[in-house]
Structures are given as C-alpha cells and as structure tokens.
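Undergrad: Have a look at this one.
The values are calculated or read from the model by the stated rules, or taken from the named source; none is laboratory data. Note that the coordinates shown come from a computational prediction; the quantities given were computed from them, not determined experimentally. Positions of Cβ are backbone-derived with ideal geometry, glycine not excepted, and every protein chain shown enters the neighbour counts.
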Amino acid sequence: MKITFPYMGTSHIAFKMLVKDLGHEPVVPPKPSKRTLTYGTQYSPEFACLPFKILLGSYLEAIEKGAELVITSGGAGPCRAGYYGVLHQKILQDLGYDTKIMVMESPYRNIFDFLGKIKAVIGPSGVSWWTFIKMFKKAWEKLKVLDETEFLSHQIRPFEVNKGETTKVFNKCLEIIDEAYTLAEILEAREITGKMLNNIPQDRNRRVLKVGIVGEIYVVLEPFANHDIETTLGEMGVLTHRSIYLSDWTRENTGYESTESVIKAASPYIDELFGGHGICSVGHSVLYAKKGFDGVVQLAPFSCIPEIVAKPILAKVTEDHGIPVLTIFLDEQTGKAGLQTRLEAFVDLLAQKRSRLEEIAI
C-alpha cells in the first residue's frame, strides 16, 4: 500500500522509515510550497485556517504521486483540528479521489480505536506486534535525533561567523540522519551531526537576545507556514527557543510527559483548557519571562480560536512580567518581506529595552 502523511518540519524523515519498515511504500509529499498552498486554498472552505489548507494541498500532491492512504493525527477540545480529517476526507471524495484518511487520535481518548488502527496498518504486511514495537522505537529515536539536531542549530545560528553556514550544515545533517537506517546508525548520526554543528565557527562573545516561540503546533513546527521565522531571527542574532517539538507533543499525547508545569504557570491567568495549544502559549510565555527571556513571539493561524483567546491574556502577562509579546497571525496572504519588517522592529524594541534596563542597573 502507498501511504502518505503530513509534511511538518523534519518529521517526514522518521515517518518515511517507519512506513517502509512496515512493508508499505512511503509517499513523501513535496516540501510545502506556494503550489501546495494554492492547491489547498482552492478546495478549502474560505474560513479554514492555514494548516488545514497546507495539509489539504500536501495530500493532493501526494495523491498525484499515487498515495492510497493518508495517516494523520487528530485533535481534542474546542479546536477545529479535531475535524480536519473528516472534512479533508469529504473534500477528497467530492473531488473524485478514493484515497482514505486514517486519523490517529490520542490513545487516551480510545485505546481500542488506537490499537485497531495500528493493526489495520501492520496486519496486511504480517508484522507482529513485537516487531512493530521495535520498528516504532527505532523511528522514535530518529525523530528525537531530528528534533535535537534542529534545536542545536537554533542555538548556534545567532553566533555563526559566516551568515547562512548553520543552515547549510543543518541541511547536510538532515541528509545524514535520513540515510541512517539501523538503530546503531541513527545513534551514530546523532554524534556526527552534533560535531558538524558545533564545529561551525562561532563568536560566543556576542550578546544575543533570547526570544521564545509559542503558538499553534503546525505553524510553529512547519517553516513554510511561518516563513522560516526561527532562521530569520537567528540570522538577526536572536537566540530562539521553541516551546514545542514533535517529540514533545508525542510524549504529551501518549502519557510519557506532562504539561502540568506549563498549565500551572498559566493558572493565575486562566485555569481552563480552551483547545489547541492556547493555554500552553500562556504558560510557556510566563516561564520564558521567569527564565529571563527578552521577548516572546506568538504564532497563530488566522481565525485560530485558541490563540485568539490567548492573545489578550498574553497582554496581561506582558503587563505583569514585563516581557514583550509579538503576535503574528498567519494566512495565505502573509508575505515574508512584511513579516521580516515586523520582526526587525520587534528585535529593535527588545534591544532598546535591554539597554534601558542595563542603564538603570548601573
């Protein structure tokens, strides 16, 4: 069977290996582009958010490559992400495609449904549960290595001596991780890529600004959706820290890790889950303020209710903790040039604020 999946950050590298291990043919969607977004926008409801449109475009491009099954994740709470799969399936049917969409919900919601869907994927290939667990663990290690490598690249980029070198090396690192197949090779790739990035010439005497990135998971993780905001800020000399990586999200949704500390940080402002990553945007912003970050950027799809609810609460966080927050709503009309201008203005504001505080301290 030809199986595809959402293109989100670097995760497709791990998913591709897992699908292949399970005896299916992985169909990796093309890297999201203007064509992808145009495709998705053309067939999406006008009110649909940016992730919905990019995902639909990716599925259509994958179907052009022969995809027969889409495996994607679901969502819970008052957030439209929980309906993506159903609506995407209806659109594909209306367009005359018989490609099926399998939505993998959190096992917390219905463990039997979760296991049943896994069995439907591994059954045709005759893969045993024990073999599947070993395959999943290997894919999990690759996903963690991908996230660790990306995290390290964002820690190095603001200090690079030659602008753009970190991005070039990071892309080479992705190729090395992609080629790693056995668990031993994946662990070796972690060592190799770590050394490659750390060997980039750096000026560690630079005094860089620190900015936290919060918001809706897809636009935070997918560079096409956020116009490579972390790379842009990094090359401006800003050290960014993303509040979520896909491995974090997986841990949270399978019970291996709790967001209790983040929710606790948000509790003085709101103590009720309101869908998506809204409450996490508030909680992480409070934690960034307490850790001495200079500012926070909130990324949100235009019309995303959880992040719209979080925005005025973040204004109160700014008032109480003195940490500036820049909210960026993203849709198909958002341009990179305009976004860069806003980021440059925000970075200038943060630099001036730090200078004033240092003068007062003297």
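Undergrad: Could you figure out which of (1) touching a helix residue (DSSP H, G or I) at 6+ places or on another chain (Cβ under 8 Å); (2) crowded, with 16+ Cβ neighbours inside 10 Å; (3) more than 30 Å from residue 300 (Cβ to Cβ) isn't true of residue 106?
TA: (3)
Undergrad: Could you tell me whether residue 37 is touching a Phe, Trp or Tyr at 6+ places or on another chain (Cβ under 9 Å) and either more than 20 Å from residue 245 (Cβ to Cβ) or not assigned by TED's automatic domain parsing to the domain that holds residue 60 (or both)?
TA: On the way: touching a Phe, Trp or Tyr at 6+ places or on another chain (Cβ under 9 Å): yes; either more than 20 Å from residue 245 (Cβ to Cβ) or not assigned by TED's automatic domain parsing to the domain that holds residue 60 (or both): yes.
Judged against the criteria, residue 37 is a match.
Yes/no per residue for (1) at negative phi; (2) not aliphatic (A, V, I, L, M):
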{"position": "9", "(1), (2)": "no, yes"}
{"position": "21", "(1), (2)": "yes, yes"}
{"position": "26", "(1), (2)": "yes, yes"}
{"position": "58", "(1), (2)": "yes, yes"}
{"position": "73", "(1), (2)": "yes, yes"}
{"position": "101", "(1), (2)": "yes, no"}
{"position": "106", "(1), (2)": "yes, yes"}
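Undergrad: Take residue 296 and decide whether it is touching a Phe, Trp or Tyr at 6+ places or on another chain (Cβ under 9 Å), β-branched (Val, Ile, Thr) and part of a helix (DSSP H, G or I).
TA: Judged against the criteria, residue 296 is not a match.
Undergrad: Could I ask something else about it? I'd like the full set of residues that are of a type in the set (Ser, Thr, Tyr) and either touching a Pro at 6+ places or on another chain (Cβ under 9 Å) or crowded, with 18+ Cβ neighbours inside 10 Å (or both), limited to the range 277-333. Working first, answer last.
TA: Of all residues in the range 277-333, those of a type in the set (Ser, Thr, Tyr) come to 281, 285, 288, 303, 318, 327.
Of everything in the range 277-333, those that are of a type in the set (Ser, Thr, Tyr) and either touching a Pro at 6+ places or on another chain (Cβ under 9 Å) or crowded, with 18+ Cβ neighbours inside 10 Å (or both) turn out to be 281, 285, 288, 318, 327.
Undergrad: If you don't mind, there's one more thing I want to ask. Could you look through the range 143-202, keep only residues that are free of Cβ contacts under 8 Å to residues at least 40 places away in the same chain and of a type in the set (Gly, Ala, Ser), and pick out the one that is surrounded by the most Cβ atoms within 10 Å (Cβ to Cβ)?
TA: 180
So that you can scan it fast, the table gives a plain yes or no per residue for (1) within 15 Å of residue 225 (Cα to Cα); (2) buried (at least 24 other Cβ atoms within 10 Å of the Cβ); (3) touching a strand residue (DSSP E or B) at 6+ places or on another chain (Cβ under 9 Å):
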{"residue": "30", "(1), (2), (3)": "yes, no, no"}
{"residue": "36", "(1), (2), (3)": "yes, no, no"}
{"residue": "40", "(1), (2), (3)": "yes, yes, no"}
{"residue": "43", "(1), (2), (3)": "no, no, no"}
{"residue": "56", "(1), (2), (3)": "yes, yes, no"}
{"residue": "59", "(1), (2), (3)": "no, yes, yes"}
{"residue": "66", "(1), (2), (3)": "no, no, yes"}
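Undergrad: Would you tally the residues in the range 309-362 being closer than 19 Å to residue 230 by Cα, under 20 Å from the mean Cα position of the chain (by Cα) and among the basic types (Lys, Arg)?
TA: Qualifying residue count for the region: 1.
Undergrad: Filter the range 111-136 for residues that are closer than 18 Å to residue 71 by Cβ and of a type in the set (D, E, K, R); which is modelled with the lowest pLDDT?
TA: If we take residues in the range 111-136 being closer than 18 Å to residue 71 by Cβ and of a type in the set (D, E, K, R), then 113 is modelled with the lowest pLDDT.
Undergrad: While we're here: Can you pull out the residues in the range 323-337 that are β-branched (Val, Ile, Thr) and either assigned to a loop (DSSP other than H, G, I, E, B) or in contact with a Phe, Trp or Tyr (Cβ under 7 Å, 6 or more places away or on another chain) (or both)?
TA: Selection gives 323, 334.
Undergrad: Can you tell me which residue within the range 31-58, out of those that are of a type in the set (Ser, Thr, Tyr) and more than 18 Å from the chain's Cα centre (by Cα), is farthest from residue 219 (Cα to Cα)?
TA: For the range 31-58, the residue satisfying everything is 43.
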